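Accompanying notes for the structure given below.
The values are calculated or read from the model by the stated rules, or taken from the named source; none is laboratory data. Owing to the predicted nature of the structure, the values given are computational and were not obtained by experimental measurement. Every residue, glycine among them, receives a Cβ derived from its backbone with ideal geometry; neighbour counts consider all protein chains shown. The protein model used for the area step is the full one, side chains on, heavy atoms only, and it has no ligands, DNA or RNA in it. Shrake-Rupley method; radii C 1.70, N 1.55, O 1.52, S 1.80 Å.
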Amino acid sequence: MLLLNQTEMTPASFILNGIPGLEDMHIWISFPFCSMYAVAVVGNCGLLYLISFEDSLHRSMYYFLAMLSFTDLVMCTASIPKTLCIFWFYLKEISFHDCLAQMFFIHTFTVMESGVLMLMALDRYVAICYPLHYSTILTNPVIAKAGLATFLRAVVLILPLIFIIKQLPYCRGNIIHHTYCDQLSVAKVSCGNIKVNVVYGLMIALLIGGFDILCITISYTMILRAVVSLSSADARQKAFSTCTAHICAIVFSYSPAFFCFFLNRFGSHVIPPSCLIIVANIYLLLPPTMNPVVYGVKTKEIRDCVIRLLSGSMDNQSHSV
């Protein structure tokens, strides 16, 4: 009987309502979203291609960058195509299990991105503080194990959250006021007790965010001490320049994450829901869009590979003509 009641209170599908209050603006909001997503896909696929086929990029720093690019691609692709379908074609329906799958991928790879940024900070720490042992410490097996551990950490933490969401009774309708299946937005549709969802989600954010940021802070504190002790100004500048792109990636990732986190917890009664939803989408779009641009501009090896690739393509076209 309990199983029957649970089944009856589980909707076959949800309706993603987009951005409430801005329905007339959906088509205009879609243009920047679509542009950023296109840049994210092209940029991150380009980075993955370069790192795969350029021998000069077969180093730990670029393997971690490939992990970040893959994570960014999955994170934004799990949400933005469905958002654009809502804006352009009014395809608002999503099945219950597809909603859970979307939620799993978004939250898992959001947690994984934080872990990869931490690994990249540790990579910079080893490269600057132990340059002579860099290649022996960060070997390919170590990099693979670190990436796998980061992924498994995210999966183990997010799966219970998905299970809790699945067990909730949904008797307040099936309309979700969001552009994608965020766990808190889905939980609010339930008529059950969602205190566990709120507490567990808060615990994940604080534990993962706190641990990763602590590791990043310690790494850069040690890096700063090592760089300041260098006698040559050129050496100090070169050491700092290797960290610039990573620091930008940290800012682009954690700034909207903290903004979104605090707005949802403490500003939801003051700030309009439309603003919260737009910030949540920017949170998933900004890092995938900006990371390949920053690394392409700030990293000399990647710039050289792109120039060599483009010049080779132009030479081939001129020969064919």
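Annotations for the structure displayed:
- Rounded to the nearest 10 Å², the accessible area of THR150 at probe 1.4 Å: 10
- Pairs of lysines in the chain (C-alpha under 15 Å apart; 8 or more residues apart or interchain): 5
- Region 40-187, accessible surface, carbon-and-sulfur percent (1.4 angstrom probe): 70
- Helix 273-298 axis, angle to the chain major axis (alpha carbon atoms, nearest 10°): 20
- Rg and Dmax of region 114-199, Cα atoms only, in Å: 20.0, 62
- Under 5 Å between amide hydrogens, built in the peptide plane, is the criterion, and for SER13 it picks out PHE96 among residues at least 5 positions away or on other chains.
- In the elastic network of the chain, a GNM with C-alpha springs shorter than 10 Å, the most mobile of LEU224, LEU207, LEU263 is LEU207.
- Largest accessible area first, the residues ARG308, ARG124, ARG172 order themselves as ARG172, ARG308, ARG124 under a 1.4 Å probe with ligands, DNA and RNA left out.
- Binning the C-alpha pair distances of region 177-321 at 5 Å intervals from 0 yields a P(r) profile of 1, 8, 11, 13, 14, 12, 10, 9, 8, 6, 4, 2, 1, 0 %, listed from the shortest bin outward.
- For the chain, the longest principal axis of the C-alpha atoms and the axis of helix 26-53 are separated by about 40°.
- Theoretical ellipticity at 222 nm over the chain - DSSP helices of four or more residues, -39500 (n - 2.57) apiece, nearest 500: -27000 deg cm²/dmol
- Remark: spin-label model distance ASN140-ILE271 equals 4.5 nm, labels positioned 7 Å along the Cα→Cβ axis.
- Seen against the Cα atoms of the chain and their longest principal axis, helix 300-320 is set at about 90 degrees.
- Calculated on the alpha-carbon coordinates, the convex hull of region 85-162 measures out at 118 cubic angstrom per residue.
- Alpha carbon Rg of the chain, scaled by the compact-globule rule 2.2 N^0.38 Å: 1.11
- Remark: the chain carries 51 Å² of accessible area per residue (probe radius 1.4 Å; ligands, DNA and RNA excluded).
- Computed log₁₀ I(q)/I(0) - Debye formula, equal Cα scatterers, no solvent, region 1-132, q 0.09, 0.10, 0.17 Å⁻¹: -0.42, -0.50, -0.99
- Heavy-atom accessible surface of VAL74, to the nearest 10 Å², is about 30 Å², with a 1.4 Å probe and all protein chains retained.
- Environment charge at VAL142 (Cβ cut-off 14 Å; Lys +1, Arg +1, Asp -1, Glu -1): +1
- Placing a label point 7 Å from the Cα of ILE27 along the Cα-to-Cβ direction, the residues of region 81-121 with a backbone N closer than 19 Å are 83-92.
- Relative contact order for region 1-142, counting Cα pairs under 8 Å that sit 6 or more residues apart, in percent: 33
- For a 4.7 Å threshold on C-beta separation, the list of partnerless cysteines in the chain reads CYS34, CYS45, CYS76, CYS85, CYS129, CYS215, CYS243, CYS248, CYS260, CYS275, CYS305.
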